[in-house]
1. Taking every alpha carbon pair in the chain, what does the distance histogram look like in 20 angstrom bins from 0, in percent?
2. Work out, step by step, the length gained on full extension between residue 145 and residue 287: first 0.36 nm times the residue separation, then minus their alpha carbon distance; give nm to one decimal.
3. To the nearest 10 degrees, how steep is helix 241-255 against the longest Cα principal axis of the chain, on a 0 to 90 scale?
4. Build a GNM of the chain with springs between Cα atoms under 10 Å: which of 243, 73, 300 gets the top mean-square fluctuation?
5. Which residue fluctuates most in the GNM of the chain (Cα springs below 10 Å): 126, 229, 52?
6. In deg cm²/dmol and to the nearest 500, what is the mean residue ellipticity at 222 nm of the chain if only DSSP H runs of at least 4 residues count, each as -39500 (n - 2.57), divided by the residue total?
7. Please report how far the C-alpha centroid of segment 143-204 lies from that of segment 234-267, rounded to the nearest whole angstrom.
8. What is the order of 194, 289, fewest Cβ neighbours within 10 Å to most?
């Protein structure tokens, strides 16, 4: 391997990226950098200007102009941070979320078109090669919080949610196939009939593989959303993924107008319960039950979304 090898690969990769964005149609009416800022606002837990500037290595004045443009276009709102009044919290509006989703959809379609030129049998080899490049050039460092991205589910991700829930809860708590059946029904109901404006699934991804998930669906009670199927892979716990997933649900539910967010869990899931408590959920009821081959205590938790909390 020589310097020229890396430079040749860089030229090739730059040409590939350029082909994906021919005539800048992917990001219009925004530039690539502006689209990166929108992406970070849609996926990053750090949503103030200072954190965005550090994450994207942007000049403060340049980022300020981008945020001013977004505010004029109705894509963002800026409010003082409750934790540090010197900082400004930046959040996407409903229009901003729609714009970010549109840009992401265009990018997915473009990459999909590129991937279509690769024979299906060769795609695992391509994926492994890309992971190898990332691993070798990361100098062996462990995963960082910023390496994890939250995204919408793609083909196969809903099946992954069912499989990983069943496998993890069997391994960690001894739950039987009844739980897998419950998860399968929840996921199938979402896949077959959901309102994309009021219901959503998030996949946490690290190095191209899913490592966590959560769902937000409508509850039977008026103006109430339900958080379901929070999961984080054991090998990636400690990176704040659970907190980010729950934050994503709360922000989404509040943004689309729900007044309450509820969830049902079991007392043995102590780590998840601590996450819910950190985000302000309050225990409203609990009841012993026999499910999934175990004697458990079910718990109902609720979060009031009408406040102005951060």
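Readers should treat all values here as calculations from the given coordinates under stated rules, not as data from a laboratory. Fair warning: this is a prediction, and the values are worked out from it, not measured in the lab. Neighbour counts run over all protein chains shown; Cβ positions are idealised from the backbone, glycine included.
1. 27, 58, 15, 0
2. Details: separation 142, 0.36 × 142 = 51.12 nm, distance 3.59 nm.
Full-extension gain reported as 47.5 nm.
3. Long axis of 241-255 versus the principal axis of the chain: about 90 degrees.
4. 73
5. Comparing 126, 229, 52 in the GNM, the peak value goes to 126.
6. On the way: 10 runs with 145 residues, N = 310.
So the calculated ellipticity at 222 nm is -15000 deg cm²/dmol.
7. If we compute the Cα centre of each part, the gap is 13 Å.
8. Numbers: 194 16, 289 12.
Final ranking by Cβ density, sparse to dense: 289, 194.
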